[in-house]
Amino acid sequence: MKPALLIALLTGLSTPALAAAADDGDSGEIIVSATRQPYRGDFTIKETPAAITTIDQTWLNNNNILRLTDALDLNASVARQNNFGGLWDAFAVRGFAGDENLPSGYLVNGYNNGRGFGGTRDVSGIEKIEVLKGPQAALFGRGEPGGVINILTKKADFDTRASLGVQAGSWDRQRVDGDINLAAGQTAAVRLIGFYEDAGSFRGTRSNRWGFTPSVLVKLGERTALTYELELTRSEAQFDRGVVAINGQLGVMSRRTFLGEPGDGPLDAEVNGHQLQLSHEFNDNWSILIGGQQRDTRLTGFSTEAELAGGRQRLGRDGRSLSRQRRFRDYDAEHQVVRGEVQGRFATGSLKHRVLFGADYDNFENSQLFLRFRPPAIGATTTAQQSNDIDILAPVYGRFPLPTTGPQTNRLDTQEAVGVYLQDQIDLGGGVQIRLGGRYDDLSQTTLNRANGIGSARDFSRFSPQAGIVYEVNPQISLYGAYGEGFRANIGADVAGRIFNPETSRSAEIGTKLSLLDGRLTGTVALFTLTKDNVLAADPANPGFSVPIGRARSRGLEVDVNGKLPGDVDLLLSYAFVDATARANVLDPNFSLNIRVGDRLINIPRHQFNVQAAKAVQVTDSLKLSLGGGVQHTGGRLGETATQFFLPAYTLARVFARAEIGRHVELFAEMTNMFNTSYYTNSFAQLWVQPGQPRAGTVAVRVKY
């Protein structure tokens with residue numbers, strides 16, 4: 001088989017596009033600079049009318065990143081959100097997040113994958129992460145208007161190799177991970193990737209995690225390939241809502257003090273996932289992708305956490321006694337996706353078309369059993385035991401017997417959707433390309449309160465158009481503009497059982513893409529504006545439920561730069577200004593919400609900046625040394641909806657060093673939060689605030705064959 005055709009099958013890139021993107025003179029090496037992912041087509045980033053940022057292995061390794069959320073910190077357009085006591089990934093892109101009661105959705109190899117309760121995503125098995133910004137809903141469907149996160153996994157190929165890494169860090173953290181790729185000639189290959197991690201934390205809590213993500217590649221013919229991937233992960237971690245602010249003031253208590261109960265034990269999260277995909281090229285111009293995914297997740301366990309209702313909370317009276325709820329959760333989710341997609345090239349006269357059309361089916365079931373003990377209203381005779389109090393300045397764990405939880409929520413929510421989409425990007429000549437497309441979604445949604453047998457159902461349908469234009473001014477500068485509309489069903493119902501109207505959105509952006517220093521340095525500058533209707537926020541009076549807050553808008557500026565500076569210095573720079581605000585007045589005395597036009601959205605900084613730099617030096621024939629570091633700045637953020645409680649801005653610095661000894665051994669060391677800054681990453685309320693990690697160090701060794 002020709003190398004070009006083999007790479008085309010593995011990446012989904014059509015052979016003509018591969019030939020145009022790859023040419024390495026006499027070496028015979030093929031370098032792929034444009035790959036086709038599902039829903040994407042064979043477009044280079046430069047000719048795509050949207051801002052796209054890639055976080056690849058270079059920066060994942062330089063930052064020793066282990067979690068998806070930490071990787072997303074490298075892009076300033078992404079902001080951390082309420083992470084459910086550290087047990088799921090939650091983020092906003094360009095100021096907009098999804099449902100606060102669920103983890104943030106993301107894609108894996110183009111499939112909707114982040115839904116469910118599988119815990120935080122580990123980077124083991126991740127090849128790179130794409131931040132696909134702007135109006136993407138016309139293809140991906142049912143997503144946020146700010147953009148989507150797409151994870152590309154490490155896949156089996158025909159190069160036999162292996163690596164094993166071991167690392168240790170502050171607070172008694174140990175980790176081992178391995179990656180073995182085995183090829184059976186040019187017909188089949190298997191890649192085995194796994195990790196195990198046992199870690200303490202500066203909060204005095206502990207977690208234990210492991211994962212196994214193998215993949216199989218089978219070449220069924222010269223133009224046909226079949227791939228299979230398994231996702232099997234398990235994690236145990238204590239639930240931790242963080243620290244509290246007293247009368248809006250942070251720093252009164254130690255950031256190291258855990259306010260839960262060790263006697264609750266850990267919450268257990270598990271994932272069993274499968275992806276299967278068949279790719280086939282009919283000829284050099286037409287190809288097809290057919291695939292499916294099944295993913296089951298579950299989260300179970302007890303937790304003790306601060307009571308939010310003022311009338312039940314003793315902290316406001318004496319400044320140190322925190323009244324606490326106790327909760328039990330058994331959350332289970334099943335998610336199936338099936339997709340078929342055809343892409344092709346043809347011409348009509350002088351116009352060159354690249355078309356992409358397909359259909360997908362998506363079924364998501366969300367089962368939640370939630371039990372709760374809640375402290376009573378504070379009165380003259382209310383005891384500390386009745387309130388399940390803890391002293392935030394001098395905590396004593398196990399002071400009282402753990403309260404018995406009672407019924408609170410027992411519900412099943414189901415979404416079933418079918419979507420069809422079409423996109424045509426037309427080359428008009430003269431450096432001008434236009435993109436036209438759209439997606440039609442038909443969705444059925446049901447909710448069942450199993451505690452009282454009351455259920456309801458609704459059906460929705462919507463067409464989401466998109467349009468874009470790209471103008472290549474010269475090889476160094478391209479200008480683009482894009483517009484799109486979106487549609488996303490709001491899962492679940494309010495406390496009365498009413499299903500919410502779906503979110504609808506409109507987004508537009510203009511920008512320029514730069515290629516400097518002979519292509520070694522690339523960048524994007526973009527201006528955007530987004531609006532959403534039928535936005536939800538978590539219901540503070542009824543955990544697990546939501547309330548509508550109406551309309552929201554986000555506007556901003558982004559700058560992203562990636563590549564090499566003179567002197568072979570690797571650079572990754574990202575800046576974002578995001579102004580995300582409510583655009584409707586909401587007054588709901590039942591839940592004490594009072595949101596006004598202009599109120600900022602929770603956990604969204606107006607200014608965010610991240611810069612990373614690294615330099616490699618060949619010291620001797622057998623020793624290569626790399627040194628680098630980075631600075632991250634996050635501006636002040638609203639810390640509780642409908643209040644004036646803000647989390648302070650913070651700036652963090654880190655450094656790292658890597659020594660590559662010969663071809664097989666690599667040593668690594670890093671220090672994070674060099675100046676031991678006290679900071680807070682996100683919050684839900686003044687009594688649920690997540691503190692950031694103090695200064696920490698890591699050492700690691702990796703052996704490669």
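The values are calculated or read from the model by the stated rules, or taken from the named source; none is laboratory data. Only a predicted model underlies this, so the values are computations on that prediction, with no experimental measurement involved. Cβ coordinates were reconstructed from backbone atoms using ideal geometry, including for glycine residues, and neighbour counts include every protein chain displayed.
Right, TYR471: of a type in the set (Phe, Trp, Tyr), farther than 30 Å from PHE117 by Cα, part of a strand (DSSP E or B) and at pLDDT 90 or above or not?
Answer is yes for this residue.
I'm told PHE675 meets every condition in (1) surrounded by fewer than 18 Cβ atoms within 10 Å (Cβ to Cβ); (2) within 21 Å of ASP56 (Cα to Cα); (3) not charged (D, E, K, R) except one. Can you identify the failing condition by its number?
Every condition holds for PHE675 apart from (2).
With LEU422, LEU436, LEU479, LEU412 as the choices, which residue is in contact (Cβ under 8 Å) with a residue 24 or more places away in the chain, among the aliphatic types (A, V, I, L, M) and either touching a Lys or Arg at 6+ places or on another chain (Cβ under 7 Å) or over 30 Å from GLY147 (Cα atoms) (or both)?
LEU412
Quick check: is even one residue across the stretch 431-446 more than 26 Å from the chain's Cα centre (by Cα), crowded, with 17+ Cβ neighbours inside 10 Å and of a type in the set (D, E, K, R)?
Checked against the condition, which is being more than 26 Å from the chain's Cα centre (by Cα), crowded, with 17+ Cβ neighbours inside 10 Å and of a type in the set (D, E, K, R), the stretch 431-446 yields at least one hit.
So for the stretch 156-163 (the condition being closer than 28 Å to ARG658 by Cβ, within 13 Å of the chain's Cα centre (by Cα) and surrounded by fewer than 24 Cβ atoms within 10 Å (Cβ to Cβ)), does at least one residue qualify?
No, the stretch 156-163 contains no residue that is closer than 28 Å to ARG658 by Cβ, within 13 Å of the chain's Cα centre (by Cα) and surrounded by fewer than 24 Cβ atoms within 10 Å (Cβ to Cβ).
What are the pairs with Cβ atoms under 6 angstrom where one residue, in the stretch 263-286, is more than 30 Å from SER201 (Cα to Cα) and free of Cβ contacts under 8 Å to residues at least 12 places away in the same chain and the other, located anywhere, is part of a loop (DSSP other than H, G, I, E, B) and not polar (S, T, N, Q)? Sequence gap at least six, or different chains.
none
Quick one: in the stretch 248-284, of everything that is surrounded by 15 or more Cβ atoms within 10 Å (Cβ to Cβ) and out of contact with any Leu (no Cβ under 9 Å at 6 or more places or on another chain), which residue is farthest from TYR397 (Cα to Cα)?
Checking each candidate, the answer is ASP284.
Just to confirm my filter: which strands (runs of 3 or more DSSP E) fall fully inside the stretch 133-215 and include at least 1 residues that are among the small types (Gly, Ala, Ser) and without any contact (Cβ under 8 Å) to a residue 40 or more places away in the chain?
173-184, 188-200
Only residues that are assigned to a loop (DSSP other than H, G, I, E, B) and surrounded by fewer than 14 Cβ atoms within 10 Å (Cβ to Cβ): list them for the stretch 398-429, please.
GLY398, ARG399, PRO401, THR404
Of the residues LEU226, LEU289, LEU220, which single one is surrounded by fewer than 15 Cβ atoms within 10 Å (Cβ to Cβ), assigned to a strand (DSSP E or B) and either at pLDDT below 95 or not charged (D, E, K, R) (or both)?
LEU220
Report, ordered by the first and then the second residue, all pairs with beta carbons closer than 8 Å, sequence separation of six or more or different chains, a first member in the stretch 595-618 that is touching a residue at least 60 places away in the same chain (Cβ under 8 Å) and at positive phi, and a second member that is of a type outside the set (S, T, N, Q) and part of a strand (DSSP E or B).
From residues that are touching a residue at least 60 places away in the same chain (Cβ under 8 Å) and at positive phi, the pairs are ASN603/ALA79; ASN603/ARG80; ASN603/ALA92; ASN603/ARG637; ASN603/LEU638; ASN603/LEU647.
Considering every residue within the stretch 387-397, establish whether at least one is touching a Phe, Trp or Tyr at 6+ places or on another chain (Cβ under 9 Å), crowded, with 16+ Cβ neighbours inside 10 Å, assigned to a strand (DSSP E or B) and of a type in the set (D, E, K, R).
no
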